[in-house]
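Student: To start, I am sharing the structure in question, which I have written as structure tokens.
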Amino acid sequence: MGVIDLINIILLRQHDRLTMKLTHASIGLLLLTLLIALFPLWKTMSQSENVYSDTHQLEHASVAIVFGAGLRDQNTPSDMLDDRLKAASTLYHEGLVDKILVSGDNRFEDYSEPDVMFETLVTTYDVPEDDVFVDYAGRRTYDTCVRAHELWGIENAILVSQNYHLPRAIWTCEKLGVSSVGFSASLQPYLFETQYKQREILATYKAFIDLYIWEPTYIGGEFIQDLDS
């Protein structure tokens, strides 16, 4: 065997080793990518068991948190939001919560989800106004959860929303310090519900980024009141 042949054999073996290392690295990268891709979906799916539609399945909590869901006009809740308020009032009247925190969007003039939510609970669903608290900067799920904990002192709550939204809401609030279960306000079919469910998939990945990678900006403020007491 000549010197050149020996060199070629050595180079071939090195090439095979390098190819094997690259293959292993590629498999590892693929598995890591799949893990990252599936983790947010698994986290939300795992919270589905904490979503209830029967009040008899729930234990008492000091506070129910109601997420905003748009207005039909400036003074009327959307069907989806009205069902959330109706469900929250059921929790209150059955003695499962002592207080209700309504949290929604108030960034535009003449548009205030929280004020409409407050008025609807008080005037339509007969919840005493002293037991309804208003959070004016719940622009999205993350904002509502982080403000509930940091500004309102909430550590345990029943979250009120539709079925498709509650698993992500529970995951988000739990990660931000609010031990949570969900009470379903899915009381009827909704206009554009299919689109909302499809958008929820993207929102789940956005929640993963917010909770684990890059903390988003939100409107903070001074501590307001301890609603857990």
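The values are calculated or read from the model by the stated rules, or taken from the named source; none is laboratory data. None of these values were measured; they are calculated from a predicted model. Methodologically, a virtual Cβ is constructed for each residue, glycine included, from the backbone with ideal geometry; neighbour enumeration extends over all protein chains shown.
Student: Can you say whether R199 is under 28 Å from S62 (Cα atoms), in a helix (DSSP H, G or I) and within 16 Å of the chain's Cα centre (by Cα), as far as the supplied structure shows? First the steps, then the outcome.
Tutor: On the way: under 28 Å from S62 (Cα atoms): no; in a helix (DSSP H, G or I): yes; within 16 Å of the chain's Cα centre (by Cα): yes.
No; evaluated as a whole, the condition is false for this residue.
Student: Going by the structure shown, is S180 modelled with pLDDT of 95 or more, out of contact with any Lys or Arg (no Cβ under 6 Å at 6 or more places or on another chain) and within 15 Å of S103 (Cβ to Cβ)? Before the answer, list the steps.
Tutor: Working: modelled with pLDDT of 95 or more: yes; out of contact with any Lys or Arg (no Cβ under 6 Å at 6 or more places or on another chain): yes; within 15 Å of S103 (Cβ to Cβ): yes.
The answer is yes for S180.
Student: Quick one: which helices (runs of 4 or more DSSP H) sit completely within segment 59-157 and have at least 3 residues that are at pLDDT 95 or above and not assigned by TED's automatic domain parsing to the domain that holds K197?
Tutor: Once the helices (runs of 4 or more DSSP H) in segment 59-157 are filtered for at least 3 residues that are at pLDDT 95 or above and not assigned by TED's automatic domain parsing to the domain that holds K197, nothing remains.
Student: Next up: Can you tell me which residue among L159, L151, L187, L176 is surrounded by 14 or more Cβ atoms within 10 Å (Cβ to Cβ) and in contact with a Ser or Thr (Cβ under 8 Å, 6 or more places away or on another chain)? So that I can check it myself, show each step before the final result.
Tutor: Working: L151 fails: in contact with a Ser or Thr (Cβ under 8 Å, 6 or more places away or on another chain); L187 fails: in contact with a Ser or Thr (Cβ under 8 Å, 6 or more places away or on another chain); L176 fails: in contact with a Ser or Thr (Cβ under 8 Å, 6 or more places away or on another chain).
After applying the criteria, what remains is L159.
Student: Of all residues in segment 190-224 being in the same structural domain as E155 (by TED's automatic domain parsing) and among the small types (G, A, S), which is farthest from D82 (Cα to Cα)?
Tutor: A207
Student: Suppose we filter R72, R168 for residues that are under 27 Å from L41 (Cα atoms) and either of a type outside the set (G, A, S) or touching a Pro at 6+ places or on another chain (Cβ under 6 Å) (or both); which single one remains?
Tutor: Values: R72 fails: under 27 Å from L41 (Cα atoms).
Selected residue: R168, the only one of R72, R168 that is under 27 Å from L41 (Cα atoms) and either of a type outside the set (G, A, S) or touching a Pro at 6+ places or on another chain (Cβ under 6 Å) (or both).
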